[in-house]
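Engineer: My questions all concern the structure below.
The values are calculated or read from the model by the stated rules, or taken from the named source; none is laboratory data. Everything numeric here is computed off the predicted structure, so don't read it as measured data. With ideal geometry, Cβ positions are generated from the backbone for all residues, glycine too; neighbour counts draw on all protein chains shown.
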Amino acid sequence: MVQRAATEVVRRVAPVGALVVAALALATGSALAHVTLVSSSPMANAKLGRPPASVSLTFSGPIRSGTLSVTGPDGRKASTGSGGRDPRNIDRLLVQLKAGLKPGRYTVYGSTIAADTHHQTWTFSFTVKR
């Protein structure tokens, strides 16, 4: 009688335990996945009629920290501050640009540390037309 009751408990609990293990495996796998760059504003290689006020990089998941800077055609810094994670969106880096940017090619440099501690760097350019 005791053995039958124990067998019944195991039969009922085992499927729940399997679901918990599967859920933990999925959660761990997604937490360890590296983030990827989903979009940027402006887009890489964009040709703009006027300078943007800011540059942003949006990723596929949360980033722990990061930096973002922009240099101008003369090699001087065109961004203000060091940029960083957007306080309104933990999936995005954001940096403001200086006012009155001149026409030419601007280069964006980004660096992120994802939630899984993986470090990545990013670079692309955009052009402000004359």
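Every residue, every condition in (1) touching a Lys or Arg at 6+ places or on another chain (Cβ under 9 Å); (2) not small (G, A, S), yes or no:
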residue	(1), (2)
L57	yes, yes
R76	no, yes
S79	yes, no
R92	yes, yes
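Engineer: Look at L57 and say whether it is in contact (Cβ under 8 Å) with a residue 60 or more places away in the chain, of a type outside the set (D, E) and either surrounded by 15 or more Cβ atoms within 10 Å (Cβ to Cβ) or assigned to a loop (DSSP other than H, G, I, E, B) (or both).
Structural biologist: Against the criterion (in contact (Cβ under 8 Å) with a residue 60 or more places away in the chain, of a type outside the set (D, E) and either surrounded by 15 or more Cβ atoms within 10 Å (Cβ to Cβ) or assigned to a loop (DSSP other than H, G, I, E, B) (or both)), L57 qualifies.
Engineer: Let me ask another. Tally time: how many residues in region 31-53 are in a strand (DSSP E or B), more than 13 Å from T107 (Cα to Cα) and within 18 Å of the chain's Cα centre (by Cα)?
Structural biologist: Qualifying residue count for the region: 3.
Engineer: Within the set of pairs 6+ apart or on separate chains, which have a first residue in region 95-107 that is closer than 14 Å to S125 by Cβ and among the aromatic types (F, W, Y), a second that is surrounded by 13 or more Cβ atoms within 10 Å (Cβ to Cβ) and at pLDDT 95 or above, and C-beta atoms under 6 Å apart?
Structural biologist: The qualifying pairs are Y106/V70; Y106/G72; Y106/A78; Y106/F126.
Engineer: Please determine whether any residue of region 104-122 is assigned to a loop (DSSP other than H, G, I, E, B) and at pLDDT 95 or above.
Structural biologist: The answer is no; no qualifying residue exists.
Engineer: In this structure, is T112 surrounded by 14 or more Cβ atoms within 10 Å (Cβ to Cβ), in contact (Cβ under 8 Å) with a residue 24 or more places away in the chain, in contact with a Gly (Cβ under 8 Å, 6 or more places away or on another chain) and within 22 Å of T36 (Cβ to Cβ)?
Structural biologist: So T112 fits the description; yes.
Engineer: What about R92, is it assigned to a strand (DSSP E or B) and surrounded by fewer than 18 Cβ atoms within 10 Å (Cβ to Cβ)?
Structural biologist: Answer is no for this residue.
Engineer: Let me ask something else about it. Test S65 against the criterion of being polar (S, T, N, Q), in a strand (DSSP E or B) and farther than 15 Å from V38 by Cβ, and give yes or no.
Structural biologist: yes
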